[in-house]
């Protein structure tokens, strides 16, 4: 089995919390901090830490505004973040295919309804 695809995984995205953030933001054009926090069941501090890492990588844009005289922090993927996430997902698909070809991964069974 070739290891190259595994070595190409983006370590910024690969961490569980950041992968959740990127996935949620890929599904929505933007998301308020509190909604994202609740969706991912994170603490404010944990989400802030991951958000900062993604922002420093250029993957997430953070905007601050006011709504009904209350502060509102909104997150969205940047163009670079969208591209990085698409590449990450494509690489995961490649890894799954390589693993299947190697014979170590069974074909998924549909979930029971």
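What follows draws every value from the coordinates through simple rules; no lab data is involved. Since the structure is predicted, the reported quantities are computational estimates derived from the model, not experimental observations. Cβ atoms come from the backbone with ideal geometry, glycine included; neighbour counts cover every protein chain shown.
Side notes on the structure shown:
- Each part reduced to its alpha carbon centroid, the range 64-86 and the range 11-42 end up 11 Å apart.
- Site pair residue 55 and residue 6 shows an inter-label distance of 3.5 nm when each label is modelled 7 Å from Cα along Cα→Cβ.
- Note on residue 68 and residue 86: the model spin-label points, each 7 Å out from Cα along the C-beta direction, lie 3.7 nm apart.
- With respect to the chain, whose longest principal axis is taken over its alpha-carbon atoms, helix 44-56 is tilted by about 70°.
- Compared with the dominant principal axis of the Cα atoms in the chain, helix 16-27 is inclined by about 80°.
- The long axis of helix 79-102 is offset from the longest Cα principal axis of the chain by roughly 20 degrees.
- D_trans [Stokes-Einstein, Kirkwood Rh over alpha-carbon pairs] for the range 4-98, 20 °C, 1.002 mPa s, µm² s⁻¹: 155 µm²/s
- Relative contact order, percent, the chain [alpha-carbon distance under 8 Å, six or more residues apart]: 30 percent
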